[in-house]
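Quick one: this structure, given as structure tokens, is what I'll be asking you about.
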Amino acid sequence: MLKQIQETHRAKFSDNPAVFSAPGRVNLIGEHTDYAGGFVMPAAINFQTLAAISPRADGQIAIYSKNFDELLTYPLDAIPAKASHRWVDYPLGVLTVLRQQGIEIPAFNLTLDGNVPLGAGLSSSASIEVATMAAMLSLTATKLPLPKIALLSQSAENNYVGASCGIMDQFISCCGEEDHALLLDCRSLEYQMAPIPSDISLVIANTMVKHSHAGGEYNQRRAEVEEGARILATHRPEIKLLRDATMDDLEKWGSTMPEGVLKRSRHVISENLRTVAAAKALEAGDLETLGRLMYEAHASYRDDFEASCREADIMVEFASKEPACIGARLTGGGFGGCTINLVKAAEAKGFTERLKEYYHTATGISAEIYLCRASSGVHQVI
Ligand code: ADP
Ligand code: MG
């Protein structure tokens, strides 16, 4: 990929670029907890977006995406103020957010190329934002700490692109480490790394399902989670976010909630407990506990959060019967996307083949399955 992007950039713009890489991610556990101020435990994966950049003298910016084979040019002093609901929103959003910080980026040529499957729940969006931001910053004297790059990238996605994601994706794309998962406290942004044993593969299975109403459902779930915190706060005002609430609070006051709000809240509160416990288990090398927590997390996502889908349930059900699989669950925002399966590396290939065949027989769908390992966060490649 590196050679190709260098060649493409030279062919389009006749100059030699600096190249930055930022990974996609898979979340091992902790779903819909980030915007509730809770815990998540993602790992960066060895799929990434590359951003090749070189300065340009004529006050124009040119952005080319190899994935979309489209070149767009803008005068640096006339960047569209609003999103156009196209891929270019992501780099333009990043540029806009940097400017709002008082960081002026000089004119540039930018080439983007990614192998994170787009829209599959592995966060190609965070990887394009973070890679682009690192590339743009390299043209200035400004150095930003990685958590700040994550926050600004999230702001680009929230405020320019218009997607109300939490901080997880951008944070792990910035701070991921090889062979480690990252336990993140989404409120304080404190984090710690937990080693993933080298004989474990991250098998990511794409259901190939993307329910078209997913966007609306995501926002609806989010609203219910926020409603849950509001109701509990009327009883215990120190509850600002569901992160502050306990299962005890739900026992006491859950009956005052609409049923949907109660179920969403129960998922988020219990998921926070599971996520912290899962990090401890990983740290201690207790894979049995980790696996059990993942299956419990899937059941909670399915039954309480009601954000799974039949196809993901079929995959997880199959995985749970495979001795080589330590744990599995639907990962990402829900209603389709990918499952994450922690599988003994020596048996990952056989597991993959069996899962593919089983899934095809059950659904008629050919799943794409990616054998991944935990990888490092954003960095300059050349
Ligand atoms: P996910 O983050 O799960 O992959 P999103 O819908 O959040 O899904 O983001 C996908 C979008 O990000 C793509 O539709 C595209 O607009 C943009 N994107 C990601 N990678 C690239 C790329 N290499 N070139 C151009 N746009 C990209
Ligand atoms: Mg995304």
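The values are calculated or read from the model by the stated rules, or taken from the named source; none is laboratory data. Model, not experiment: these values are computed from the prediction. Reconstructed Cβ throughout: ideal geometry from the backbone, glycine too, with neighbour counts over all protein chains shown. Just the protein is used for accessible areas: all its heavy atoms, side chains included, with ligands, DNA and RNA removed. Shrake-Rupley method; radii C 1.70, N 1.55, O 1.52, S 1.80 Å.
Among (1) surrounded by fewer than 16 Cβ atoms within 10 Å (Cβ to Cβ); (2) farther than 21 Å from Arg56 by Cβ, which single condition is Glu70 missing?
(2)
For region 1-92, list the strands (runs of 3 or more DSSP E) that sit wholly inside it and hold at least 2 residues that are free of Cβ contacts under 8 Å to residues at least 60 places away in the same chain and touching a helix residue (DSSP H, G or I) at 6+ places or on another chain (Cβ under 7 Å); which are they?
60-65
Can you name every residue in region 362-378 that is buried (at least 16 other Cβ atoms within 10 Å of the Cβ) and of a type in the set (Gly, Ala, Ser)?
Ala367, Ala374, Ser375, Ser376, Gly377
Quickly run through region 127-170 and pick out the residues that are more than 14 Å from ligand 2 (Cβ to nearest atom), assigned to a loop (DSSP other than H, G, I, E, B) and closer than 20 Å to Asp185 by Cα.
If the condition is that a residue be more than 14 Å from ligand 2 (Cβ to nearest atom), assigned to a loop (DSSP other than H, G, I, E, B) and closer than 20 Å to Asp185 by Cα, then Pro145 is the only one that fits.
I'm checking my understanding of the structure. Among residues of region 30-57 that are farther than 19 Å from Leu241 by Cβ and aliphatic (A, V, I, L, M), which one is surrounded by the fewest Cβ atoms within 10 Å (Cβ to Cβ)?
Going through the qualifying residues, I end up with Ala57.
What do you reckon, is Pro117 open to solvent by 30 Å² or more (accessible area, probe 1.4 Å), assigned to a loop (DSSP other than H, G, I, E, B) and closer than 29 Å to Asn219 by Cα?
Considered against the rule, which asks whether it is open to solvent by 30 Å² or more (accessible area, probe 1.4 Å), assigned to a loop (DSSP other than H, G, I, E, B) and closer than 29 Å to Asn219 by Cα, Pro117 comes out as no.
Taking the stated definitions as given, is Pro23 under 17 Å from Leu139 (Cβ atoms) and at pLDDT 95 or above?
When the stated conditions are applied, Pro23 does not pass them.
Being open to solvent by less than 30 Å² (accessible area, probe 1.4 Å) and either closer than 12 Å to Asn27 by Cβ or within 11 Å of ligand 1 (Cβ to nearest atom) (or both) is the filter here; which residues of region 159-175 pass it?
Passing the criteria: Val161, Cys165, Gly166, Met168, Asp169, Gln170, Phe171, Ile172, Ser173.
In region 102-114, which residue that is in contact with a helix residue (DSSP H, G or I) (Cβ under 9 Å, 6 or more places away or on another chain) and part of a loop (DSSP other than H, G, I, E, B) is surrounded by the fewest Cβ atoms within 10 Å (Cβ to Cβ)?
Top of the filtered list is Glu104.
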